[in-house]
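The values are calculated or read from the model by the stated rules, or taken from the named source; none is laboratory data. Bear in mind that the values here come from a model prediction, so they are computed numbers and not experimental data. Virtual Cβ from ideal backbone geometry, glycine too; neighbours counted across all protein chains shown. Ligands, DNA and RNA are excluded from the accessible area calculation, which covers all protein heavy atoms including side chains. Shrake-Rupley method; radii C 1.70, N 1.55, O 1.52, S 1.80 Å.
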Amino acid sequence: MPVRILNQSEVESLLTMDDCIHVMEEALTTLAEGDAIQPLRSILRMPNLKGAFGVMPGVIERPAAFGLKAISVYPANHGTEYDSHQGAVLLFEPVHGSLAAILDASSITAIRTAAVSGVATILLARRDAGDLAILGSGVQADTHLDAMRAVRDLRRVRTWSRNTHHATDFAKRARSRHGLAVEVMPTAQAAVTGADLICTVTGAKDPILAGEWIMPGAHINAVGSSMRDARELDTAAVVRSRLFVDRRESALHEAGDFLIPRAEGAVTDAHILGELGDLLLNRATGREGPADITLFKSLGLAIEDVAVARHVCTMAQERGVGLVLDLGGQRGTHP
Ligand code: NDP
């Protein structure tokens, strides 16, 4: 069978943020309707190497597709020529079960994660939110800026990163990509004070965002540190917030931002008010008033990767993009 191979720049050229937000809305709705299958992701931490290796299989019925993402996470790559998340998404077509495509996973992960935060922001942030703080300055900082621009009119953008040079580089990229002035702040507190949109996109193990700094009415997309023993938000931030997740089962196993406050006795499982899919299906109430603090804890789901891969593959077929290779699996018709 012909297999289409799509590299990083091809995926980036085919996948706009607006389209990806729409694809994510559909995928998260399908998940909430029970028409998707995915186990918890497998993560192999490699003690003698500098990273982790994740495997994420998923099946989705609408659009019908299945596949898996295999991805390495090497945090020390940040600031070098290598992405910290690298790998491939294998996309299968559901009629004969043939492998249909192999796609770069760095770009898919970068764009789909921010697009899901875009969905959360549409659903949960105040309509007039536009004072954005981005904590962290890596790949996800770039795509989250794209996503927040796509869903809200931004009045002001501030950033903070542990390494000020990295934050300055991010601000330079934002200026050249969008003509946008991003203010580099000396502390996370200075970046979030008065902000009504906050994206945390760091590999922090311990909190970098304190509840007492968060302005009433703010919406937070908590994206980094997606492990059960790490967190970006302190307990007060979680307690003060109306909490939503991409998938409840994943949050109950993988989200240190929730599990650590729960272990402290500060919250119970009932603190998770729903999945994004529940909000999309009007089965949960998001923001109840303008002063609510809303929080989306993102973990990243295999079905997001599969749905995006299918979308990108369809676009690539239409436009004749990518390298097509016959890998076998089809022996022809026999008399
Ligand atoms: P990058 O490696 O490109 O950037 C990492 C950022 O995290 C840098 O700004 C770095 O800061 C910061 N950072 C690392 N360690 C710490 C720390 N201990 N304290 C404070 N800041 C820290 O990664 P990405 O942008 O690709 O990913 C960011 C985070 O998002 C990661 O944790 C990643 O695992 C997670 N992620 C989550 C996904 C999801 O679906 N929820 C999907 C993909 C990624 P500095 O500039 O100072 O070095």
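Descriptive notes on the structure:
- Between 25, 81, 93, the distinction of being under 24 Å from residue 278 (Cα atoms) and acidic (Asp, Glu) belongs to 25 only.
- Screening region 79-93 for residues that are touching a strand residue (DSSP E or B) at 6+ places or on another chain (Cβ under 8 Å) and open to solvent by 10 Å² or more (accessible area, probe 1.4 Å) and picking the one that is nearest to the ligand (Cβ to nearest atom) gives 84.
- Members of region 235-252 that are acidic (Asp, Glu) and surrounded by fewer than 20 Cβ atoms within 10 Å (Cβ to Cβ): 249
- In region 24-37 there is at least one residue matching the filter, namely being among the β-branched types (Val, Ile, Thr), crowded, with 16+ Cβ neighbours inside 10 Å, more than 15 Å from the ligand (Cβ to nearest atom) and under 17 Å from the mean Cα position of the chain (by Cα).
- In the set 50, 69, only one residue is open to solvent by 50 Å² or more (accessible area, probe 1.4 Å) and either within 22 Å of residue 224 (Cβ to Cβ) or within 14 Å of the ligand (Cβ to nearest atom) (or both); that residue is 50.
- Conditions (1) at pLDDT 95 or above; (2) more than 9 Å from the ligand (Cβ to nearest atom); (3) open to solvent by 10 Å² or more (accessible area, probe 1.4 Å): number failed by residue 96: (1)
- Of all residues making up region 140-153, the number that are out of contact with any strand residue (DSSP E or B) (no Cβ under 7 Å at 6 or more places or on another chain) and within 11 Å of the ligand (Cβ to nearest atom): 3
- Neighbours by Cβ (under 6 Å, 6+ apart or cross-chain): first from region 214-225, under 16 Å from residue 244 (Cα atoms); second part of a loop (DSSP other than H, G, I, E, B) and among the β-branched types (Val, Ile, Thr): 223/201; 224/201; 224/202
- Where strands (runs of 3 or more DSSP E) fall entirely within region 1-112, those with at least 1 residues that are in the same structural domain as residue 312 (by TED's automatic domain parsing) and under 26 Å from residue 330 (Cβ atoms) are at 2-6, 52-60, 65-73, 85-92, 99-104.
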